[in-house]
Amino acid sequence: MEVSCHLRCRLVGMLMVVMLVGVQKIPSSSAQTTQRFQFTVEWKKVSRLCHTKPLLTVNGEYPGPTIAVHEGDDVEVKVTNRIAQNTTIHWHGIRQLRTGWADGPAYITQCPINGGKSYTYKFKVVDQRGTLFWHAHYAWQRASIYGAFIIYPRLPYPFSAPIQAEIPIIFGEWWNGDVDTVEKEMTMYGAGPNLSDAYTINGLPGPLYPCSNEDTFKQTVERGKTYMLRIINAALNDELFFAVANHTLTVVEIDAVYTKPFKTNAIMIAPGQTTNILLTADQLPDSSGMFVMAARPYVTGIFPFDNSTTIGFLRYKQPRIAEKTKIPTIPNGSFALGNLPEMTDTEFATEFSNKLRSLGSPQYPCNVPKTVDKRVMISISLNLQDCPANKTCKGYKGKSFFASMNNQSFVRPSSSILECYYKNLKIINKYAGFPEKPPREFDYTGGNPMTQNMNTEFGSKLLVVPYGTNLELVLQGTNLLNEENHPIHVHGHNFFIVGKGFGNFNAAKDPSKYNLVDPVERNTVAVPSGGWAAIRFKADNPGVWFIHCHLEAHTSWGLAMGFIVKNGPGPSQRLLPPPPDLPSC
């Protein structure tokens, strides 16, 4: 009975891939264990907000196609680059056990895929289930190259509510202008980037923006039924609040890890994070049958930001109302959604974060390291760099904006660090030396943000740890230039958020308050504005891995680092050889 149930679940999932996903499947003689997909990176003209422009897409879709597989599947995605620029794809949150060659960040684990070339990403989904996503990991291409990555579980969900349907909801940003130009000008002049012109839900801005009444996401539901919303924040530079008018949401999973369920009126989701929520259609709609769903930014900084709101609609299916019901008129471009937090509501963001706990059941245990072999403290800073002679700088006071970790502003080399490391393990001496604490201690969150500011150092130094190290990273925010909530993503590993707080981390007192029972497990942590977060994980995935802020502007400024996990003694604890079609620089 268990085998037949498993096969039935797999067949349903495969049917959903074919009918709903829109990915071109490559025929396979072993389709039940190896799922193969074809991605083509290409330009397509897309219209939004009264503007039509060439947009980078995968398979001509915006957002890109959903990948749906099963826990335990082998996955192969052949990516063909049909544009003149380089590109790569990152499978965000997939741990890539011993398959760092498939992780995707350009010049970290691979050289980019050149125009006219192809590369097949091959990896296995091991002990993961839920909602993740994929995106380009070259320059700012993930502004439009992204899509959902859904892993169906082998076993039933650990919650009892029957689910009528599962609905991916992907938040993004839209620029009327060319995103590549935005990035180049920011880099050239050391200034902040031009703001996006809209937020989007599944690529659609919604009726609060010009020419967007028809470009509005609408989801039909039946009263009394429960739905799973698979929510993904693929936005480049903004954390977002999300709510549905008059409806209570139940959080059951984040970053493809089950949580202790809890009810909430809204969620906060940072770029790089995913959240699965259950929504029961238990309200009495008016004659329109519509309820607003909305997302707007969570703001902690003083820098300019896109302060607009994207909305869609939950549409109740009613026999007497046609399916093509017009979108309700929204007077003066405003709407009422009392359960959507204000943009500066740090109290709500903090309370929401504190409610997240690992499920911690016998079937899905919380394997947080109780002790650590190494603690590394990392200050996260925005920096001002003196403007070189004969150059125009448009940052604050005529200087250039940069960002750093422990005053190291990361510079990507011109070749793949992982490939160099694999071919010559002694090259580790070239990249080792990332400082394991800030170069000098200071009042990280309470001092004068300008007088304590430092010119940063540039380089590609990496943290190096032995296989199996129980590692703790204390991510310490600073108020240099500006306090801000930073979403930090760790490649190659999930981690446990064992502690958080505002102000400066106190190594003598704060660890005694850690949660080592059921801390939340994820791959991207929102480090509190003017505060710190402590994460723990076992470094048991050999290779070279990237750690960076998922605000793309900050990564471009250098708010990133990398780390090497050395090979372990056993054959199953060593990095696999590179594939034959690995791109070259």
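The values are calculated or read from the model by the stated rules, or taken from the named source; none is laboratory data. Keep in mind that what you see is a predicted model, and the values were worked out from it rather than measured. Note that each Cβ is placed from the backbone with ideal geometry, even for glycine, and that neighbours are counted across all protein chains shown. Just the protein is used for accessible areas: all its heavy atoms, side chains included, with ligands, DNA and RNA removed. Shrake-Rupley method; radii C 1.70, N 1.55, O 1.52, S 1.80 Å.
Details
- Test: residue in segment 465-474 that is open to solvent by less than 50 Å² (accessible area, probe 1.4 Å), touching a Gly at 6+ places or on another chain (Cβ under 7 Å) and farther than 21 Å from residue 539 by Cα: no
- Among the conditions (1) within 30 Å of residue 493 (Cβ to Cβ); (2) modelled with pLDDT under 95; (3) open to solvent by less than 10 Å² (accessible area, probe 1.4 Å), the only one that residue 289 does not satisfy is (1).
- Residues of segment 265-286 satisfying the condition of being of a type in the set (Ser, Thr, Tyr) and open to solvent by less than 10 Å² (accessible area, probe 1.4 Å): 274, 275
- Residue satisfying condition, being surrounded by fewer than 19 Cβ atoms within 10 Å (Cβ to Cβ) and either farther than 25 Å from residue 553 by Cβ or at pLDDT 95 or above (or both), within set 246, 194: 246
- Count of residues meeting criterion [touching a Pro at 6+ places or on another chain (Cβ under 9 Å) and under 15 Å from residue 463 (Cα atoms)] in segment 413-430: 1
- Contact annotation: residue pairs with Cβ atoms under 7 Å, 6 or more positions apart or on different chains, pairing a residue in segment 437-449 that is surrounded by 13 or more Cβ atoms within 10 Å (Cβ to Cβ) with a partner that is charged (D, E, K, R) and part of a loop (DSSP other than H, G, I, E, B), are 445/483.
- Candidates 468, 459 - the one that is more than 29 Å from residue 370 (Cα to Cα) and outside the structural domain of residue 301 (by the TED database): 459
- Odd one out for residue 407, checked against (1) exposed (fewer than 13 other Cβ atoms within 10 Å of the Cβ); (2) assigned by the TED database to the domain that holds residue 447: (1)
- Flag for residue 519 being under 16 Å from residue 356 (Cβ atoms) and either assigned to a loop (DSSP other than H, G, I, E, B) or without any contact (Cβ under 8 Å) to a residue 40 or more places away in the chain (or both): yes
Rundown of residues vs (1) more than 21 Å from residue 350 (Cα to Cα); (2) buried (at least 22 other Cβ atoms within 10 Å of the Cβ), yes/no style:
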| position | (1), (2) |
| --- | --- |
| 482 | no, no |
| 501 | no, no |
| 506 | no, no |
| 511 | no, no |
| 548 | yes, yes |
| 575 | yes, no |
| 579 | yes, no |
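- Considering segment 332-382, the residues that are part of a strand (DSSP E or B) and of a type in the set (A, V, I, L, M, F, W, C) include one that is most open to solvent (accessible area, probe 1.4 Å), namely 377.
Residues checked against (1) of a type in the set (Asp, Glu); (2) outside the structural domain of residue 556 (by the TED database); (3) touching a Pro at 6+ places or on another chain (Cβ under 8 Å); (4) closer than 20 Å to residue 510 by Cβ:
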| residue | (1), (2), (3), (4) |
| --- | --- |
| 343 | no, yes, yes, no |
| 347 | yes, yes, no, no |
| 351 | yes, yes, no, yes |
| 363 | no, yes, yes, no |
| 384 | no, no, no, no |
| 388 | no, no, no, no |
| 391 | no, no, no, no |
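- Sole exception among (1) open to solvent by 10 Å² or more (accessible area, probe 1.4 Å); (2) in contact (Cβ under 8 Å) with a residue 12 or more places away in the chain; (3) farther than 21 Å from residue 155 by Cβ for residue 257, by number: (3)
- Any hit, segment 295-310, residues being at pLDDT below 95, open to solvent by 50 Å² or more (accessible area, probe 1.4 Å) and not in a loop (DSSP other than H, G, I, E, B): no
- Residue match in segment 495-515 (condition: in contact with a helix residue (DSSP H, G or I) (Cβ under 8 Å, 6 or more places away or on another chain), more than 22 Å from residue 366 (Cβ to Cβ) and of a type in the set (D, E, K, R)): no
- Positions within segment 311-345 being at pLDDT below 80, under 25 Å from residue 229 (Cβ atoms) and touching a Leu at 6+ places or on another chain (Cβ under 8 Å), in sequence order: 330, 335
- Within segment 551-562, residues that are within 18 Å of residue 384 (Cβ to Cβ) have Cβ atoms under 8 Å from residues that are assigned to a helix (DSSP H, G or I) and not hydrophobic (A, V, I, L, M, F, W, C) in these pairs: 556/183; 556/187, counting only partners at least 6 apart in sequence or on another chain.
- Among the residues here, residue 226 does not qualify as open to solvent by less than 10 Å² (accessible area, probe 1.4 Å) and of a type in the set (S, T, N, Q).
- Hey, residue 492 within 26 Å of residue 347 (Cα to Cα) and of a type in the set (Gly, Ala, Ser) or not: no
Residue-wise test of (1) at pLDDT 95 or above; (2) of a type in the set (A, V, I, L, M, F, W, C); (3) touching a Leu at 6+ places or on another chain (Cβ under 8 Å); (4) not in a loop (DSSP other than H, G, I, E, B).
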{"position": "501", "(1), (2), (3), (4)": "yes, no, no, yes"}
{"position": "507", "(1), (2), (3), (4)": "yes, yes, no, no"}
{"position": "511", "(1), (2), (3), (4)": "yes, no, no, yes"}
{"position": "529", "(1), (2), (3), (4)": "no, no, no, no"}
{"position": "534", "(1), (2), (3), (4)": "yes, yes, yes, yes"}
{"position": "544", "(1), (2), (3), (4)": "yes, yes, yes, yes"}
{"position": "553", "(1), (2), (3), (4)": "no, yes, yes, yes"}
{"position": "577", "(1), (2), (3), (4)": "yes, no, no, no"}
{"position": "583", "(1), (2), (3), (4)": "yes, no, no, no"}
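- Answer from 116, 104, 130 - the residue that is open to solvent by 10 Å² or more (accessible area, probe 1.4 Å), touching a Ser or Thr at 6+ places or on another chain (Cβ under 9 Å) and more than 24 Å from residue 193 (Cα to Cα): 116
- Scanning segment 93-130 for residues being closer than 25 Å to residue 553 by Cβ and assigned to a strand (DSSP E or B) gives a total of 3.
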